[in-house]
Amino acid sequence: MRFYSLRAAAKINLYLEIIGDRPDGFHELVMIMQSVALADQITVRAIGVDEIRVRCSHFEVPTDQTNLAYQAAALLAQEFPDQIAKFGGVEIAIEKNIPVGAGLAGGSANAAAVLVGLDLLWQLGLSQLELQDLGAKLGSDVPFCLMGGTAIATGRGEELDPLAGLEPLHVVLAKYQSLSVPTPWAYKAYREQFGDRYLNEPQQRQDRQQRVHSGAMVAAISQRDYATLGQELCNDFEKVVLPVHPQVAQLKATMANLGGLGTLMSGSGPTVFTLAETAAQAEEIAVGLRQAIPDEDLGIWPTHLTSTGIRLDP
Ligand code: ATP
């Protein structure tokens, strides 16, 4: 086959707690991650020349070496030089549906799709675990984007523990299109304001992770107790992002008033989501939100939760 087409799902964070600093400069986290059906379309196509090319439908996304999809291909080319010599280079086409700089891991999802696509195109025969190890070199969210579904993520986000799926649930995502929050800024702001609370002892950190593993949200997920799940939604980044972006705080308050199971900002924002029990309820929330905030800059995406991270199109 000369090309593969893949769907790369966005993620939301149902839970995100920042525990402390790590010696490698990253933050120690405990998160509960969830794939959603809103997805980018990635095509990897063999080209005759020994090059990596990226095309993208979104003007804000770079197509040079800073694109995470490019970096995924470059990593595989470096790790498996014989394969690129045998099969030639690749053109990566990205059709963006996931909003950019949104806290939905769009770039990480693209990188994950390229790893899966090139594994096929270059006949590498990598296992899921090998792909996840390579993914972790590209970004903390890439292993989860490869695995998909529902999972507890610890470490810097790359250590994954799968949980029971939440596929029956729906979700409404909303983001002011012109607003994006750089993740490095959010971490810096969090450290400045809450760094004195960071846990440094390994035992304290383990206890904190354990508290999430045996906590109310994980129990609610395994028991499919969606009402409790909605009440337990929690994201430390809200503490720094909402005060600086009152527009996002207002969006969250408006969405929370429209019914649904619970409302939260995803990742470092500024996307806010509301979980819903049915597609009809998600649609109602989306319509209600459009009426409550008739601002054209506000993008609204009703979608559903999914167990799939990267899906190969037939
Ligand atoms: P995360 O939740 O992982 O922090 P995000 O959803 O906030 O990610 P992305 O959409 O992944 O943010 O993009 C953040 C920045 O990364 C963009 O502004 C863009 O310049 C750059 N970028 C590099 N590669 C990509 C890509 N393939 N898709 C989108 N953005 C990319």
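If you take the residues in region 12-30 that are under 20 Å from Ile310 (Cα atoms) and among the aliphatic types (A, V, I, L, M), which one is farthest from the ligand (Cβ to nearest atom)? Steps first, answer last, please.
First, the residues of region 12-30 that are under 20 Å from Ile310 (Cα atoms): 12-14.
Subsequent filtering for residues that are among the aliphatic types (A, V, I, L, M) retains 12, 14.
Working: Ile12: 9, Leu14: 14 Å.
It comes out as Leu14.
Quick check: anything in region 185-208 closer than 30 Å to Ile300 by Cα, within 16 Å of the ligand (Cβ to nearest atom) and of a type in the set (Gly, Ala, Ser)?
Yes, region 185-208 has at least one match.
Among the candidates Ala136, Ala111, single out the residue that is at pLDDT 95 or above, within 17 Å of Gly267 (Cβ to Cβ) and not in a loop (DSSP other than H, G, I, E, B).
It is Ala111.
Scan region 75-98 and tell me whether some residue there is at positive phi and in contact (Cβ under 8 Å) with a residue 12 or more places away in the chain.
For region 75-98, residues at positive phi and in contact (Cβ under 8 Å) with a residue 12 or more places away in the chain: present.
Restricting to region 38-74, what's the tally of residues that are small (Gly, Ala, Ser), in contact (Cβ under 8 Å) with a residue 24 or more places away in the chain and within 16 Å of the ligand (Cβ to nearest atom)?
Number satisfying all stated conditions: 5.
Gln128 - would you say it is more than 30 Å from Gly259 (Cα to Cα), in contact (Cβ under 8 Å) with a residue 24 or more places away in the chain and assigned by TED's automatic domain parsing to the domain that holds Gly48?
Against the criterion (more than 30 Å from Gly259 (Cα to Cα), in contact (Cβ under 8 Å) with a residue 24 or more places away in the chain and assigned by TED's automatic domain parsing to the domain that holds Gly48), Gln128 does not qualify.
Look at Ile18 and say whether it is β-branched (Val, Ile, Thr) and out of contact with any His (no Cβ under 9 Å at 6 or more places or on another chain).
Taking the combined requirement at face value, the residue does not satisfy it.
So, in region 29-59, exactly how many residues are within 14 Å of the chain's Cα centre (by Cα) and β-branched (Val, Ile, Thr)?
Within region 29-59, residues that are within 14 Å of the chain's Cα centre (by Cα) and β-branched (Val, Ile, Thr) number 2.
Any idea which of (1) more than 19 Å from Thr306 (Cα to Cα); (2) at pLDDT 95 or above; (3) outside the structural domain of Ala9 (by TED's automatic domain parsing) is the one Ile221 doesn't satisfy?
The failed condition is (1).
Under 8 Å between Cβ atoms, at least 6 apart or on separate chains: pull out the pairs that start in region 155-183 with a residue that is among the basic types (Lys, Arg) and modelled with pLDDT under 95 and end on any residue that is open to solvent by less than 30 Å² (accessible area, probe 1.4 Å) and not in a loop (DSSP other than H, G, I, E, B).
Hits for this filter: Arg156/His27; Arg156/Glu28; Arg156/Leu29.
Just one of (1) within 9 Å of the ligand (Cβ to nearest atom); (2) open to solvent by less than 20 Å² (accessible area, probe 1.4 Å); (3) touching a Gly at 6+ places or on another chain (Cβ under 7 Å) trips up Val100, so point out which.
(2)
For region 103-147, give me each residue that is more than 12 Å from the ligand (Cβ to nearest atom), surrounded by fewer than 24 Cβ atoms within 10 Å (Cβ to Cβ) and under 11 Å from the mean Cα position of the chain (by Cα).
Residues satisfying the conditions do not exist here.
The values are calculated or read from the model by the stated rules, or taken from the named source; none is laboratory data. This is a predicted model, so every value here is computed, not measured. Cβ sites come from the backbone with ideal geometry, for glycine too, and all protein chains shown count toward neighbours. Only protein heavy atoms, including side chains, enter the accessible area calculation; ligands, DNA and RNA are left aside. Shrake-Rupley method; radii C 1.70, N 1.55, O 1.52, S 1.80 Å.
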